[in-house]
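Working notes, structure below.
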Amino acid sequence: MANTYTNLLYHVVFSTKNRVACLTGDVRDPLYHYIGGVIRGEGGTLLEIGGVADHVHLLTRFKAAASVATMVRRIKTSSSKWMSDRSAGGPRFAWQTGYGAFSVSESQVGHVRRYIQKQEEHHRQRTFQEELRDILSKHNIEFDERYLWD
């Protein structure tokens, strides 16, 4: 085949360090726009972004040449610096060490998009910890609670 054709879709989720609730109204939209710019700068596409004060969900398409680990590291590193620069003199912003990344079938894009859009409503009844445990279980990912949170 002369060219390479891919559609690599991912649902990515990560939390603020220690789930500090600092992604509030006045910073959330600019942060989301910034993250979208980071992804576009790496040749990817941000399809949906949402979350609540202590975590963020992305539905994104990455280029075939970029590993998920590399992309998430670039997103988190760049946005962490951006957040810290915005709060000069305040505490340094940080994301949790790890992340969750789950492949998404094209047929499920609408479902995942709606799930991300309804995060505020969703988290009136569930914590991030409960949500992440459920997502990991639905994707048959084994985990040890001792290493899940930081």
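Any read-out appearing in this document is the output of simple, stated calculations on the displayed coordinates, not a laboratory observation. Since we're looking at a predicted model, the values are computed, not measured. Virtual Cβ from ideal backbone geometry, glycine too; neighbours counted across all protein chains shown.
Data overview
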{"item": "Residue match in segment 68-76 (condition: without any contact (Cβ under 8 Å) to a residue 12 or more places away in the chain and of a type outside the set (Val, Ile, Thr))", "result": "yes"}
{"item": "Which numbered condition residue 104 fails, given (1) farther than 17 Å from residue 49 by Cβ; (2) within 15 Å of the chain's Cα centre (by Cα)", "result": "(1)"}
{"item": "Filtered residues of segment 1-29 (kept if of a type in the set (S, T, N, Q), more than 14 Å from the chain's Cα centre (by Cα) and on the phi < 0 side of the Ramachandran plot)", "result": "3, 4, 6, 7, 24"}
{"item": "Residue match in segment 110-117 (condition: in contact with a helix residue (DSSP H, G or I) (Cβ under 9 Å, 6 or more places away or on another chain) and of a type in the set (Lys, Arg))", "result": "no"}
{"item": "Residues within segment 100-131 that are among the hydroxyl-bearing types (Ser, Thr, Tyr) and under 23 Å from residue 6 (Cα atoms), tallied", "result": "3"}
